[in-house]
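All remarks here apply to the structure that follows.
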Amino acid sequence: MLITVLGSGANGGVPQWDCCCPNCSRARENPKMRRARSSVAVSLDGGQHVLIDATPDLKFQLEGVGLTPRPEEAEHGRQSRIDTVLLTHGHGDHTVGIAEFSTGKSFGIPVHGPPDLMRFLFGSDDRSSFFGDLGRLARDYVLPRDLIDGGRLDLIGGLRVTGFEIDHTDRMEDGSCFPSSTYGYELEADGRRFIYTPDLGLLTEDLLERVEGSDLFMLDATFWWDDELNRISGLRKTSYDLGHVPVEESIEILRGRDIGRVVYTHLNHTNPLLDPSQPAMKKLRDAGFEVAYDRMKLKL
Ligand SMILES: [Zn+2]
Ligand SMILES: [Zn+2]
Ligand SMILES: [Zn+2]
């Protein structure tokens, strides 16, 4: 299984468009420190890919890693090397890129996600929603597909996918989540298992059981501290309030478990992991863990 990190930043990426904090300023000076919004592409042979999340940066991410049409394989000069899209949840940094597929040829790319997310993005048969009528040349650029909690898919050449609900989005009084519930995805091929939860509010027993014995667990590194926004911007909301387990805590929960590689992604511009002079990176590395970066490639 080949995994390409298309982006490793939180909502807003690094730098954020209107921010001149030290982390954003450093990223503006040094392109290597920039982070697009979080997304990964998974392939078995490097040809066709499963895309997890479609960010506002999608087009530049695909170009940046060469996930572009191959002239010798294209028909009438067009080719999609995205076979399927899996969406985790309804926040803009994970979904807005769907609009990219409304140009050029209509490939009818299946887009799977939680049923409430599919309704939120695409509407219903009798009442279309924002992405329900993409583009003006055709109606089937993408094909929304409900994936139930725990549901399985068999994709490109033997890649098995399971979507499972995790804690992240806001829980409403009626029990529903806004803007949608949130899924993590488990991908399995040739006996290798990869679990992806870029936005994760809680490391539950169920999830810990799932990641046990896996080859790669890529998870939420939005904030290092629970009170990070208060420390840095004076905002009262905590990491847990916003549906993210702080890295400082998840490191301790994951330390010493039987997981091949633990790789952190979805970093907010406030995260001290972005500053080489801070002790955070050393603490994370001492636990045997890694931080994802844009265009990182992993092989399982
Ligand atoms: Zn996010
Ligand atoms: Zn900043
Ligand atoms: Zn989110």
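Since every read-out is calculated from the coordinates, none of them should be taken as a lab result. Small disclaimer: the values here were computed from a predicted structure and weren't measured. Note that we place each Cβ from the backbone using ideal geometry, even for glycine, and neighbour counts take in every protein chain shown.
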Whole-Hz ³J(HN,Hα) from phi, Karplus 6.51 cos²θ - 1.76 cosθ + 1.60, for the stretch 16-21, glycine and proline x: 6, 4, 10, 10, 10, 5
Environment charge at Pro69 (Cβ cut-off 9 Å; Lys +1, Arg +1, Asp -1, Glu -1): +2
Peptides 11-18, 37-44 ordered by average Cβ neighbours within 10 Å, highest first: 37-44, 11-18
The chain, helix-only ellipticity at 222 nm - DSSP H runs n ≥ 4, -39,500 (n - 2.57), divided by all residues, nearest 500: -4500 deg cm²/dmol
Amide H contacts under 5 Å for Arg261, placed H, 5+ residues apart: Leu216, Phe217
Rounded Å value of the spacing that divides the Cα centres of the stretch 21-45 and the stretch 86-126: 23
Environment charge at His112 (Cβ cut-off 15 Å; Lys +1, Arg +1, Asp -1, Glu -1): -4
In sequence order, calculated HN-Hα J values of the stretch 209-223 (Karplus, 6.51, -1.76, 1.60; Hz; x Gly/Pro): 5, 5, 7, 4, x, 6, 8, 8, 10, 10, 9, 4, 10, 4, 10
Percent antiparallel among DSSP beta bridges (both partners in the chain, rounded to 5): 55
Rounded, prolate or oblate (a/c below 1.5 giving rounded, otherwise prolate when a/b exceeds b/c) for the chain by Cα gyration tensor: rounded
Greater than 28 Å apart at Cα, pairs in Lys59/Lys297; Lys237/Lys282; Lys59/Lys282; Lys105/Lys299: Lys59/Lys282; Lys105/Lys299
Ser180 long-range amide H proximity, modeled H, under 5 Å: Gly90
Prolate/oblate/rounded label for the stretch 164-300 (Cα gyration tensor, a/c 1.5): oblate
Furthest towards positive pole of dipole, Leu284, Leu203, Ser176, structure part the chain, Cβ charges: Leu284
Environment charge at Leu235 (Cβ cut-off 14 Å; Lys +1, Arg +1, Asp -1, Glu -1): -1
Karplus 3J(HN,Hα) series, Hz, for the stretch 154-166 with 6.51 cos²θ - 1.76 cosθ + 1.60 (x for Gly, Pro): 9, 10, 1, x, x, 8, 9, 10, 10, x, 9, 6, 10
